[in-house]
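To start, the structure itself, in structure tokens.
Values quoted throughout were computed directly from the atomic coordinates according to the rules given, and no laboratory measurement underlies them. Keep in mind that what you see is a predicted model, and the values were worked out from it rather than measured. Glycine gets a Cβ as well: all are built from the backbone with ideal geometry, and neighbour counts include every protein chain shown.
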There are 2 protein chains.
Amino acid sequence: MLDQYGKQTKCLVALDSIIFGFDGSKLKLLLVKRGIEESKNIWSLMGGWLQPNESLDEAAIRVLKDLTGLENIYLEQLSVFGRPDRDPIERTVSVTYFALINSTDYENFDSGSYHAEWFDLDQHPELLFDHQEMVDNAISRLRNKAAFHPVGFELLPSKFTIPQLQKLYEAIFDTEFDKRNFSRRILASGLLTKLDEKQKGFSKKGAFLYELNSQNTVKAASSNLYFVPSIDRIV
Amino acid sequence: MLDQYGKQTKCLVALDSIIFGFDGSKLKLLLVKRGIEESKNIWSLMGGWLQPNESLDEAAIRVLKDLTGLENIYLEQLSVFGRPDRDPIERTVSVTYFALINSTDYENFDSGSYHAEWFDLDQHPELLFDHQEMVDNAISRLRNKAAFHPVGFELLPSKFTIPQLQKLYEAIFDTEFDKRNFSRRILASGLLTKLDEKQKGFSKKGAFLYELNSQNTVKAASSNLYFVPSIDRIV
DNA sequence: GCAAAAGTGTTAACACTACACCCATGG
DNA sequence: CCATGGGTGTAGTGTTAACACTTTTGC
């Protein structure tokens, strides 16, 4: 029972964040090289230790900032990993977080002595400890979330085209969509505002740019099923 | 960064489980009286401490068994609570789990010196620390899960009637369904096998009993959207 | 003028909602 | 024989998936 505080063993508590990015055609993963001797050349997730006076959320935000300089990133708690032997050095319970950011906005990291780098999600180096398991878990959460919430926009620049958005969703769900159905569905959500500008330089015709509506003007859209390519891909 | 193990502060790690039950008409919550002085008369979730050689999942299973004698219960990790002041006695990070069981099968607990008791979910005593927050979190997870996975059956006896199942779903989603639409939808899922027996003693006509198909025979059904009363109730 | 990407509509199948009456039985 | 809960069908509406051609413009 929850008494006998004094007799209980304590654990190190770590935070590890899976940071997804998108470069226009592929999903990216932000990794960092770990500073300790034994695993000097192994890439790992953005991780750090929980400090005495911070909540888990605060700690995850601080760690990300310390390692990359990134601020104002929305981090969402995923799950906890706690196998006794998951960290061979000392028993550690790790709480994972995930975040989505537009990777082209953050190419250069203000990361002090750490080296952070974007990798293709489907082609990244081997990871420390159980970090690959954490990444797999995060991908499945990302798919779930993207199906029901307009979450993909955080991975794109503030102005984007429908074909760009479609490529993003195709990357998230690792599949292809019919562009007529895709654009109809996205526009029907009422989340996007069409701008007068066209994207230049990529296609010859140029595609219209859109931006996300201000929160206030989106009503029904965000409370309803948002985008499900086909339910069985996400469950 | 994840080095400097020696310098880091350690934390107590607790497990707290939200155990849902169903008595045929209402959802139930299994609570226990905590053993420590300051909060002797406060009910709390099934909780205990993580031990050195067990994983989080193992610990949650063990704690549930120690407090209630319940075994072979499928527990699923929910989330972690870690505000620095959530436990006033000492800093504790708590990992929550939830489970669904058929409460009528478990009325009497082999709980050693502990006192475990079922309460109506909508009418239970005040809870310790942030346990109410944990319960709220679990309810929303239960709704989500029930909408996409045939999860409700764990709350019923192995043979059950369609009206019983409907009552369960009505309790989970706190609403009412049209019985014609409900049964059509559930049967269309292909998850149920109709038995030759009828339930006796409750209604005069008697309702046919069904059982859950063996895993093997369910194909399309479990991979597809299973039961969504109306999407905006669950998102 | 042609290659490459953008943009746009219709149809047929299916899924969902709403709704009302008869059935079987125990008392 | 009647009260209680069990069981069933249909019509209308909305939603989804599948599908092909025209437009723009840089080269």
Filter the range A:3-15 for residues that are at the interface with chain B (Cβ under 8 Å from one of its Cβ atoms) and touching a residue at least 24 places away in the same chain (Cβ under 8 Å) and give the result. A:11, A:12, A:13, A:14
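For (1) more than 14 Å from chain B (Cβ to nearest Cβ); (2) touching a residue at least 12 places away in the same chain (Cβ under 8 Å), each residue gets a yes or a no:
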{"position": "A:79", "(1), (2)": "no, yes"}
{"position": "A:84", "(1), (2)": "no, no"}
{"position": "A:93", "(1), (2)": "no, yes"}
{"position": "A:99", "(1), (2)": "yes, yes"}
{"position": "A:102", "(1), (2)": "yes, yes"}
{"position": "A:114", "(1), (2)": "no, yes"}
{"position": "A:123", "(1), (2)": "yes, no"}
Residue under evaluation residue A:139, criteria (1) crowded, with 16+ Cβ neighbours inside 10 Å; (2) more than 30 Å from residue A:81 (Cα to Cα); (3) not aromatic (Phe, Trp, Tyr), criterion not met: (2)
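Of the residues that make up the range A:142-157, is at least one part of a helix (DSSP H, G or I) and among the β-branched types (Val, Ile, Thr)? Before the answer, list the steps.
We begin by selecting, within the range A:142-157, every residue part of a helix (DSSP H, G or I); these are A:142-148, A:152-155.
Imposing the further condition that a residue be among the β-branched types (Val, Ile, Thr) reduces the set to none.
The answer is no, given that none of the residues of the range A:142-157 is part of a helix (DSSP H, G or I) and among the β-branched types (Val, Ile, Thr).
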Would you mention how many residues in the range A:77-117 are in a strand (DSSP E or B) and in contact with a Gly (Cβ under 6 Å, 6 or more places away or on another chain)? 2
Taking into account only those residues within the range A:130-166 that are away from DNA strand C (no atom under 16 Å from the Cβ) and of a type in the set (S, T, N, Q), which is farthest from residue B:55 (Cα to Cα)? A:158
Look through A:76, A:54, A:107, A:90 and report the one residue that is in contact with a helix residue (DSSP H, G or I) (Cβ under 6 Å, 6 or more places away or on another chain) and surrounded by fewer than 20 Cβ atoms within 10 Å (Cβ to Cβ). A:90
